[in-house]
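Every number in this text was worked out from the coordinates using simple rules, so none of it is lab data. Owing to the predicted nature of the structure, the values given are computational and were not obtained by experimental measurement. When we count neighbours, we look across all protein chains shown, and the Cβ atoms used for this are built from the backbone with ideal geometry, even at glycine.
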Amino acid sequence: MPPEMPPVAGFNQLRRIESSTLFQGVVITIIILSALTIGAKTYDLPPLVEQSLSVMDTAITLFFLIEILFRFAASPVKRRFLMDGWNLFDTLVVVGSLIPLDNSEAVLLGRLLRVFRVLRLVSVVPELRFLINSLLKAIPRMGYIALLMFIIFYIYAAMGSMFFASVDGELWGDVAISMLTLFRVATFEDWTDVMFSRSQNSLRKCCSLSI
């Protein structure tokens, strides 16, 4: 009989499999397949195709359950597995996907959690995970960016109200309305109304002066 594999060697083997490119590629493929399955269910399909998609959804759910258990077994410190935000998110999504869809009260929650399985692509791909972590770290600085944008908008709104209030009071009557007008121009939301309104008012003014 072959000698039994030592626990340390078996754990190292699990770690190598869990971090291998092949394992990551299989997980990403299943996540993409899950996304396609969710999208396909939004169409009117023949009963045979719907039944096949249901079977595929069950198989995908079982795969994710086995995958999260495998990752838990490969974790060096089991108590810290759920302390990682990404591991906690994956676990909640996988466990939530086990909700049976034939239960009318939980069908909406089950479908929502199945949709969130697509987000697991972020936790699997290291580049996406690094990008999300960078964005989360940058959120506290976003307040200063918003403050700077408010100051710039306020200055130009005050200037616009001074210069154009007599031209068009509906767009430049006061600072608040001027800031809203500037926001419309910056986001291209009906900015043509602002442009043509000023042009028409200027045209009327010129016509009245010529008469």
For this session: Please find the FRET efficiency linking Thr187 to Asn12, where r is the Cβ-Cβ separation and R0 is fixed at 41 Å, and quote it to the nearest 0.05.
Result: 0.15
Exercise. If the viscosity is 0.890 mPa s and the temperature 25 °C, what translational diffusion coefficient in µm²/s does Stokes-Einstein give for the range 137-189 when Rh comes from Kirkwood over Cα pairs?
Worked result: 211 µm²/s
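In the range 36-94, what trypsin sites (Lys or Arg not before Pro) fall in a loop by DSSP, with at most 11 other Cβ atoms inside 10 Å? All intermediate terms of the calculation are to be shown ahead of the outcome.
Values: sites: Lys41, Arg71, Lys78, Arg79, Arg80; in loops: Lys41.
Of the trypsin sites (Lys or Arg not before Pro), not one in the loops of the range 36-94 has a Cβ with at most 11 other Cβ atoms within 10 Å.
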